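Below is one structure, written out as structure tokens, with a few remarks after it.
The values are calculated or read from the model by the stated rules, or taken from the named source; none is laboratory data. What you are looking at is a predicted structure, and each value in this text was computed from that prediction instead of being measured. For neighbour counting, all protein chains shown are included, and Cβ atoms are generated from backbone atoms with ideal geometry for every residue, glycine included.
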């Protein structure tokens, strides 16, 4: 009996910790909405950010602090500006300086750096003498400054530049791809695309495999095919460097659910892994399928089709776009976590897969749902609540999109 009670208690705790909240703006005030459509925290803030690692940065009386999912102040509003928590650390502006704090609000002192950078995947850049290295969330140096530039980490890997050549490292600073290439892509299943001199190819286990006729290669996403260009047309290559689908399309996008949107002439449709049309090209635009089997398609506006091509949600909405989040694992278009953020008649809301609007509510602004759990997880770049995906500009720039040497 005791075991059953403990199990039920653990389930309840897990449910509470996994709750997701969305920042929304109503009547010019910001609050946080739960997925049942009710307000977990009533609209009351002038400026705020989405939850990250159990805390959300909010502004109060011109100062920023952090609240939990109950709306309780965990870190008092003592800062001139504040960014999201990541890896248990947030960047805040204390007086004129940008510093690190932990989830207790305690200032964390790291090595001397020319600029304070956000944490991501458990590490942050630091820059000395125009070279860039890595620290962990214990403020310990993981990688001494040696690179000219490090791009943001994606799923534990980052592109690095040294002497105008590019390679790839992991969060331990280990070089997985030597920086000897003119360009490199993301790191997927031990493979990346690269450009060597003027030739595009794949790099695996330190070996460069040229791709016949490739003029450009895009990043691998969730499947073992990615799109590439040859003679001005788009086709698809596999992880071994073979043209799995011949380049005959005008444009293309990533495979998901074994389907990929491609453009023929002026219309988009979807092909399967054999390059055959499953959904004929009839749309003005199209995006990849979400995990729930629905994909955004555009006529005059956007709607959603299922994997058989049936229009299940009418084309009457605007959909959101954000290049920064798209760099990470989640897409900022279509259904994410069971809902899709859409715009209708100047208002924002959340569609459910059956086409109904969550709680039948529309807002002046709505951000994506984010987990209010305290468990550390990768977080997107900080955004302002005033407009969808518009970044709050601090008085001085605390971090760049990538760590690079200063321009003279």
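When the strands (runs of 3 or more DSSP E) confined to the stretch 23-73 are screened for residues that are farther than 23 Å from residue 93 by Cα and without any contact (Cβ under 8 Å) to a residue 24 or more places away in the chain, those reaching at least 2 such residues are found at 29-34, 39-45. Of the residues making up the stretch 160-187, those that are surrounded by fewer than 20 Cβ atoms within 10 Å (Cβ to Cβ) and under 21 Å from residue 237 (Cβ atoms) are 176, 182, 183.
Output yes when any residue across the stretch 127-148 is at pLDDT 95 or above, more than 26 Å from the chain's Cα centre (by Cα) and at positive phi, and no when none is. Within the stretch 127-148, one or more residues are at pLDDT 95 or above, more than 26 Å from the chain's Cα centre (by Cα) and at positive phi. Of all residues being part of a loop (DSSP other than H, G, I, E, B), in contact (Cβ under 8 Å) with a residue 24 or more places away in the chain and in contact with a strand residue (DSSP E or B) (Cβ under 8 Å, 6 or more places away or on another chain) in the stretch 171-194, which is farthest from residue 214 (Cα to Cα)? Just the residue, please. Only one residue fits best here, namely 172. Being farther than 26 Å from residue 334 by Cα, free of Cβ contacts under 8 Å to residues at least 24 places away in the same chain and in contact with a strand residue (DSSP E or B) (Cβ under 6 Å, 6 or more places away or on another chain), is that true of even one residue in the stretch 222-231? Scanning the stretch 222-231 turns up at least one residue that is farther than 26 Å from residue 334 by Cα, free of Cβ contacts under 8 Å to residues at least 24 places away in the same chain and in contact with a strand residue (DSSP E or B) (Cβ under 6 Å, 6 or more places away or on another chain).
Yes or no, residue by residue, for (1) free of Cβ contacts under 8 Å to residues at least 40 places away in the same chain; (2) assigned to a loop (DSSP other than H, G, I, E, B):
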| residue | (1), (2) |
| --- | --- |
| 247 | yes, no |
| 254 | yes, yes |
| 260 | yes, no |
| 263 | yes, no |
| 274 | yes, yes |
| 278 | yes, no |
| 289 | no, yes |
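Only one entry of 103, 112 meets the criterion of being closer than 20 Å to residue 59 by Cβ and either modelled with pLDDT of 95 or more or not in a strand (DSSP E or B) (or both), and that entry is 103. Inside the stretch 148-160, can you point out the residues that are part of a strand (DSSP E or B) and either in contact (Cβ under 8 Å) with a residue 60 or more places away in the chain or in contact with a helix residue (DSSP H, G or I) (Cβ under 7 Å, 6 or more places away or on another chain) (or both)? 149, 150, 154 - these are the residues of the stretch 148-160 that are part of a strand (DSSP E or B) and either in contact (Cβ under 8 Å) with a residue 60 or more places away in the chain or in contact with a helix residue (DSSP H, G or I) (Cβ under 7 Å, 6 or more places away or on another chain) (or both).
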